[in-house]
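Any read-out appearing in this document is the output of simple, stated calculations on the displayed coordinates, not a laboratory observation. Quick caveat: nothing in here was measured; it's all calculated off a predicted structure. Heads up, the Cβs are rebuilt from the backbone with ideal geometry, glycines too, and the neighbour counts pull from every protein chain shown.
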Amino acid sequence: MVPLTWYLILAAALFCTGLFGVLARKNAVAVLMGVELMLNAVNINLLAFWRYTAPGELIGQAFAVFVITVAAAEAAVGIALFIAIYRLRDTVNVEEIDAMKG
Amino acid sequence: MEQIFFILLALLTLGAAWMVVTTRNLLRAALWLIAAFFGIAGIFILLQAEFLAVVQVLIYIGAISILIIFAIMLTRRLMDPQQPRFNSQWGLVGGFAALLFVGLAAVVTRVAWPVAAAAPVADPIGRLGADFVGPYTVPFEVASVLLVVALIGAIIIARERE
Amino acid sequence: MHESSTPFIYNLTILLPILPFLAFVLIVLWTNRNKKLSAGLAVAGVGLSWLIGWAIAFTAFGQHGIAAQPFRMLRAWLPAGRAWQAFGFMVDPLSALMLLMVPFVCFLIFVYSVGYMGVGKPLGVHDQRGWPAEPGHVDPLASRFFAYIALFATGMIGLVLADNLIMLLIFWEIMGLCSYLLIGFWFARKYADPRKITPKEAGLKAFLTTRIGDTLMLAGMLLLFAQVGSLSFAEIFKPETLEHLATTTTHIALIGPVPWATLIAILIFCGAIGKSAQFPLHVWLPDAMEGPTPVSALIHAATMVSAGVYLIIRTFPLMAAVEHGPALQFIAFIGAFTALFAATIAVAQNDIKKVLAYSTISQLGFMFAALGIGAYVAATFHLLTHAFFKALLFLGSGSVIHGMEHGHHHGHGEAGKLVDWDIGAHGSQSTSHQSTNLPSFDPQDMRNMGGLFRRMPRTAWTFIIGGLALSGFPFVTAGFWSKDEILADAWVHGHTVVFVTLAVAALLTAFYTARQITLVFFGKPRTAAAEHAGEEDSIFRWMTIPLMVLAVFAIAFGWIGIPTTFPLLGRFSSNPFHHLMGSLAEALHIEAAELPFAATPLLTSIVVALGGLLLGWLIYRGVAEIGRREGDASWSPLHLADPLARPLGRIYTVLQNKYYFDELYGKVFVKGVQRLANWLFRFDDAWIIDPIVDGVGELWRRISEFGHAFDVRVVDGIVNGVGAVTAAAGSAARVIQTGRAQNYLLVALVALSVVLGAFLVLPK
């Protein structure tokens, strides 16, 4: 059987890859893809812990379902935002979206 | 045998993920993303969470990836392959992301996890369904409200204003 | 739950926070166009809460054994690991006593707000959104105001009913949000003087300052959860749990082993420091006075700031788990210090609301000091009486300010019909003054007032009653009984330092109260506005009735806590308050026996109250008698020297500037963060490696690019450095805020990596 640690390291690697995408990509859609990778890394963690430490209960699976739900909602709202920004400012470059500047 | 499968799936997932964050062409990145999702679905099957693997394929590949591809198509005029991929802080981000990975890996290998060797529950789908209307009613309802709000919100945000 | 033995009325507990919340939802979604309906909804929502709340409270008072067996209604809703967090409410003597005060005071303040916001008046033609309306007009955003305060009432009522720390935190944060929104309610307001803080900035300051405390509190709660595995009060306060927390220790670098109970108690107390504006996080409260006056009364006097005290009273068993431990000493020290510190500042303030703000900080310090020395019952008593008289004082000051504005408006209506109200919206206030060669008129400055007793008798009477209660006028007022109990407790238990500090603070309290009343209400009017001020307008009907009701409570509420051991009066008193809180204390194993009578603290509190009042009256009588000088355009009451300014000299200036805390924090923290961010920004810039040149075999070009960037950096650095020094005083905040989410997140990533690295590398 595969040790639990392998899954956790895989999840950590996936998480950091996604994080790099989120923080370093210029295009907003690419940033969103990075976020999806990070969420998937979380799901791997949840299911790995479920399988190895509490397989008798379904809490890990239930939480993974919630994560997927939230990810779907996030993707829908995120893409709607990009399209709105694209219309308004004619760009999806994250560096040009700096409305938070005080 | 299982370990070989795991290594193959992990390589597929990580390789695809790497391509997602580095490919210049966004459409290709989206296709790589689908490959990564397939790899993760395989990992789920290894973890004996078959239901989640199916959900992964249905929702992530069937819905979210398609949504992302739509977004890419809709903003295609800006998808200039000659544009720089990264912003100015990418070097710093890469360094710290690698550092974070090293830190996380150190943590997960040091801790002695309380592993319980047992078979997963029988009929997980039925149990999951019963749990959602049993102890997890409130989170379940909140999630459904979230989906409705996201649906309405997405329509309002993306609507063409006259 | 014992269905058979619990009275039915308890099942309505859930309605208490829901009713105002419903009002909030209805106003926001449907009725926000109709200001009258919105105001009516908010008042009705909280009014119903008040009635049901009192019904529940009195049922609880009449029931024996509610302390040992509080009423609980629970629903598991939030799984956290294997434990479930419950969505639950609880009624015990402490909640019931708070229910006596919170919805009732909220209701009165809501009624007052109807008048204050001018609901029913026509909309001013020149009024802008986010500005205070001209006198005699309705605020353009009145509906929004009522929605916010209704949500606020939800937060406060929910907080006192919460059955576990998670619920408490949720309602705590709701109140924090409302506080931010309401302080910045007049978000567009700007002042001619750029140094004066605007409502928008004040709201931000309040939010960020309290956030420091909240973060530490959250850390404390997480540690508690990690140790106990539950955040329900019933679980935490089990004697064996407390015993466990008090005896197991954790090792903290530099300090050594510390019991978990102490660490957690101090962290949770930090949340209370932020929320209740104790030193050193007190700086936000005086600036929060930029909000509308009912908000000052509601949030910054009666309810929200007392949430911090409530939290400590609620978690008192945890605070006291280590007997006479450092946690209690810390609370007592911070409380007593703040009580004195804020009272000294209040002596030198001229803004009517700022005086009250510092007095609130000082009185909250009293409560914390009382808790720190173990005076559990006395602190709760003072919390309740203070809520009544401080709400009264704030509402009274709002009435005074409105009266002054009316007088100002009226005076100008006669004097200069030419003055145009619409020049640059509210810039008119300054333009109208250029005609009289005065600096812009401040209706909140006490030096501009005087002689208002004759002009506004109802406001004056009620305000004076509130002032006497605040200074602890003997035997009659509520403030006397609660303050006396704290002093007696300190004396009997031998906490001499705390006793002396609090006695001096009480003396100063009486002194600045007398100063305020003398300057505002007695003597002769010092400006035209004060001369024409009045409370005849129809809005004052809404405003003065709550004042009168509160005035009754500011006196009579103290009578429920007269100690039975008190000579003469004690014979008529059964001291129901102590009886109630004592039963709860007994159930929680807190020592709270009724004190034996001691003459020293009683004499002290009588002497300091009367002496302070007399001293204030004697010193400021002279200033109050100086009347307005007609025809002398260069004369202004603002040039009058304070009688204390000369004898105190430098000290007075220091007091007037609030010990320069705002400046200090500005220099150390704000500037420090800006420096750090600047440095990070440059560091970041150095990493600019244009990805276009990222091709293979173009290493030389990369190096040259880098060298070029370096050149630019050095040269630019010098130039920018010179520029930065010059512009340092200006609005340098823009430099750090690139506005890009990715930059902010990078900072988070760096911080996370550093913390994780430290966790791994440093020895345990």
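Quick notes
- The ranking of C:Ile373, C:Ile545 from fewest to most other beta carbons within 10 Å of each one's beta carbon is C:Ile545, C:Ile373.
- Applying a DSSP loop filter and a limit of 13 other Cβ atoms within 10 Å to the GluC sites (Glu not before Pro) in the range C:512-548 leaves C:Glu536.
- GNM on chain B, alpha-carbon springs under 10 angstrom: the most fluctuating residue among B:Pro124, B:Pro84, B:Pro135 is B:Pro135.
- In terms of surrounding Cβ atoms within a 10 Å radius of their Cβ, C:Trp30, B:Trp32 rank from fewest to most as C:Trp30, B:Trp32.
- Three-way shape label, the range C:140-242, alpha-carbon gyration tensor, a/c 1.5: oblate
- In range of the label at C:Phe661: residues from the range C:245-285 whose backbone nitrogen is under 16 Å from the point 7 Å along Cα→Cβ: C:270-285
- Förster-model FRET efficiency, 25 Å R0, C:Thr496 and C:His579, C-beta, rounded to 0.05: 0.30
- Selection from B:Phe132, B:Ile59, B:Met73 lying farthest towards where the dipole of chain B points positive, charges on Cβ: B:Met73
- Average beta-carbon neighbours from other chains, 10 Å sphere, peptide C:195-203: 0
- Peptide C:69-76 has a mean of 1 when you count, residue by residue, the C-beta atoms of other protein chains within 10 Å of its C-beta.
- Between C:Thr565 and B:Arg76, the FRET efficiency estimated from the beta carbon spacing at R0 = 60 angstrom works out to 0.10.
- Shielding by partners for peptide A:81-87, expressed as the average number of C-beta atoms from other protein chains within 10 Å of each residue's C-beta, is 6.
- Helix-only CD estimate at 222 nm, as mean residue ellipticity for chain A, using -39500 (n - 2.57) per DSSP H run (n ≥ 4): -27000 deg cm²/dmol
- Segment B:Leu27-B:Val138, length gained on full extension (0.36 nm per residue, minus Cα span): 36.1 nm
- Full extension of the chain segment joining C:Glu243 with C:Arg189 gains 14.1 nm, where the gain is 0.36 nm per residue of separation less the Cα-Cα distance.
- Order of C:Ile539, C:Ile174 under a 10 Å beta carbon neighbour criterion, fewest first: C:Ile174, C:Ile539
- Remark: relative contact order (the range C:1-133) = 26 percent; criterion is Cα-Cα distance under 8 angstrom and separation of 6 or more residues.
- Helix A:28-53 vs. chain A, principal-axis angle (Cα, 0 to 90°, nearest 10): 10 degrees
- Structural descriptor for the range C:177-287: relative contact order 28 percent, calculated from alpha carbon pairs under 8 angstrom and at least 6 residues apart.
- According to the Cα-based calculation, Rg over Rh for the protein assembly as shown is 1.00, with Rh computed by the Kirkwood formula.
- Global form of the range A:1-68, assessed from the alpha-carbon gyration tensor, a/c cut-off 1.5: oblate
- Straight Cα distances below 19 angstrom link C:Lys35 to the lysines C:Lys121, with same-chain residues fewer than 8 positions distant left out.
- C:Leu618/C:Glu201 FRET efficiency (R0 45 Å; Cβ-Cβ; nearest 0.05): 0.70
- Taking 0.36 nm per residue of sequence separation and removing the Cα-Cα distance, the C:Val476/C:Arg650 pair yields an extension gain of 58.8 nm.
- Approximating the spin labels as points 7 Å out from Cα along Cα→Cβ, the B:Phe5-to-B:Leu146 distance works out to 3.0 nm.
- Cα shape, the range C:296-355, gyration tensor, a/c 1.5 rule: oblate
- Of every Cα-Cα pair in the range C:442-567, the percent that sits beyond 21 Å: 51 percent
- Base-10 log of normalised Debye intensity for the range C:153-199 (one unit scatterer per alpha-carbon) at q = 0.26 Å⁻¹: -0.85
- Cα pair count fraction exceeding 24 Å, expressed as % - the range C:236-338: 32 percent
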